[in-house]
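Encoded as structure tokens, the structure appears first; notes follow it.
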């Protein structure tokens, strides 16, 4: 369970770093750092970094592929990413409460490949991103199925696989 929470916190950091919060009130959270302009500030001991990576005290450029979506589509997609993150947190909450039925329902409806999610993915202009998004939603369906078994180990493995897809996509693409 600790490993899943660490993955979840990592996913939260990735989403906030990539997409910001859109809400100035969110900047007050001590774990999130300064998130002005949708970037996350980190104290790396040798100074701070903003929106990129530091190596040996030097700032490195963000090499992720920009999606370059039109502003309205970008905002919608950012909101979707935040909804996915909340849904993943809800799944962990329900698992902790031993409510596998609610966890499965949440995974299926909010993370799975629904008709609405398929349509949105199909409208993404970058083919690699589109494929990764569809794979993510399919892993949400696999998570929902694993949760139905009420097998914590199997469910955590499915959640781990889904979160790995989140991480891989966020490491490759940026908004």
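Taken together, the values in this text are just the output of simple stated rules run on the coordinates, not laboratory data. What you are looking at is a predicted structure, and each value in this text was computed from that prediction instead of being measured. Virtual Cβ from ideal backbone geometry, glycine too; neighbours counted across all protein chains shown.
Quick notes on this structure:
- In nm, spacing of pseudo-spin labels at residue 128 and residue 102 (7 Å Cα→C-beta vector): 4.0
- Theoretical FRET efficiency, 1/(1+(r/R0)^6), r = Cβ-Cβ of residue 174 and residue 87, R0 25 Å, to 0.05: 0.70
- Dimensionless Rg ratio for the stretch 133-175, taking C-alpha atoms and the 2.2 N^0.38 Å reference: 1.23
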